[in-house]
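The values are calculated or read from the model by the stated rules, or taken from the named source; none is laboratory data. What you see is a predicted model; the values in this text were computed from it and never measured. Here the Cβ is made from the backbone with ideal geometry for all residues, glycine too, and neighbour counts use every protein chain on show. Remember, those area values only see protein heavy atoms, side chains included, never the ligands or the DNA or RNA. Shrake-Rupley method; radii C 1.70, N 1.55, O 1.52, S 1.80 Å.
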Amino acid sequence: MNTIPSDLVRLLRLVKCVAVLTGAGVSQESGLPTFREAQTGLWAQYRPEDLATPEAFERNPQLVWEWYATRRLKAGEVKPNAGHYALAAMEKRVPEFTLITQNVDGLHQRAGSRNVIELHGNITRVRCSRCEARFEEWEQPESGVPPCPRCGSKLRPDVVWFGEMLPPRELNRAMAAAKSCQVFFSIGTSAVVEPAASLPHLARLAGARLVEVNLNETPLTPYVDYFLQGKSGEVLPALVKQVWGEEESAA
Ligand code: OAD
Ligand code: ZN
């Protein structure tokens, strides 16, 4: 049973403004692979430069399109886990709550989180590689990459690839949330990919307390006030229960 330090429980009961950054670790217990885990991580099996860069898409659009189609299918087959639901419950109990995610699987929204900032896009959406129009549905030809219904250029996954800029609006909102929160959680992320990895430091420098939830230590761990080691699907429900009591019945 994950016991949450009593001073953190007291702090969270009084807190008005919380920001959370999540990474692939939050979706690991739903059955989605993370990126950097030695055996099972996506980047252990594939080379990101072959699949998650604009050059890769230019070089072999079909391969990139199909790899994301497989990941999209998998994301649709899995369900949010207790960690996702605990974050949705936390949002209901904290007056100002911002959930910033690096994940593209859409599981936070499916668990009921509302104020979600998708820093790296969302795999369930596509956008035109030229006119930038975005689509939640599209005509999928037998094979090949579908054309933009508006301008005919190739559609692409609406996710951020390596070497690409993050969506400015989302990044600005995430930085504002990091600067104004009293407590910043970093959950299930290796805290190495910029600019997301800078958000906890932005919060700390603005005076926030840092809480990290991870299976292992990360480069952020030396800077945090609380390191809650364990699975987010276990630690987060325990935290919500100890701070705010039992979830009122779903009815
Ligand atoms: P990583 O795979 O880099 O890190 C996953 C983190 O989750 C690691 O620190 C694990 O220890 C931790 N973890 C795994 N299972 C967990 C669990 N059940 N509970 C808690 N923690 C767990 O994934 P990210 O940090 O999300 O970017 O990677 C950041 C970005 O790098 C991704 O958004 C993606 C990737 O390349 C792009 O694609 C642009
Ligand atoms: Zn277009």
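Here's the yes/no breakdown for (1) more than 16 Å from ligand 2 (Cβ to nearest atom); (2) of a type outside the set (K, R):
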site	(1), (2)
V145	no, yes
C148	no, yes
G152	no, yes
V160	yes, yes
E164	yes, yes
R169	yes, no
A176	yes, yes
V183	yes, yes
S190	yes, yes
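Going residue by residue through the stretch 136-158, is there one that turns out to be in a loop (DSSP other than H, G, I, E, B), surrounded by fewer than 13 Cβ atoms within 10 Å (Cβ to Cβ) and among the basic types (K, R)? Yes, the stretch 136-158 contains at least one residue that is in a loop (DSSP other than H, G, I, E, B), surrounded by fewer than 13 Cβ atoms within 10 Å (Cβ to Cβ) and among the basic types (K, R). When T189, T218 are checked against the criterion of being farther than 19 Å from A89 by Cβ, touching a Gly at 6+ places or on another chain (Cβ under 7 Å) and touching a residue at least 24 places away in the same chain (Cβ under 8 Å), a single residue qualifies: T189. L63 meets the conditions (1) surrounded by fewer than 15 Cβ atoms within 10 Å (Cβ to Cβ); (2) of a type in the set (A, V, I, L, M); (3) in contact with a Leu (Cβ under 6 Å, 6 or more places away or on another chain) in every case but one. The failed one is (3).
The set of residues in the stretch 40-57 being over 15 Å from V160 (Cα atoms) and of a type outside the set (S, T, Y) consists of G41, L42, W43, A44, Q45, R47. Screening the stretch 168-251 for strands (runs of 3 or more DSSP E) wholly inside it with 1 or more residues that are among the aromatic types (F, W, Y) and more than 20 Å from F97 (Cβ to Cβ) returns the ranges 226-229. Being over 15 Å from L63 (Cα atoms) and touching a residue at least 60 places away in the same chain (Cβ under 8 Å) is the filter here, so list the residues in the stretch 141-166 that pass it. If the condition is that a residue be over 15 Å from L63 (Cα atoms) and touching a residue at least 60 places away in the same chain (Cβ under 8 Å), then V159, F162, G163, E164 are the ones that fit. Scanning the stretch 103-135 for residues that are under 16 Å from V159 (Cα atoms), small (G, A, S) and open to solvent by less than 30 Å² (accessible area, probe 1.4 Å) yields a count of 3.
Taking the stretch 87-102 as the range and being open to solvent by less than 10 Å² (accessible area, probe 1.4 Å) and either within 13 Å of I187 (Cα to Cα) or among the small types (G, A, S) (or both) as the test, the residues that pass are L87, A88, A89, L99, I100, T101.
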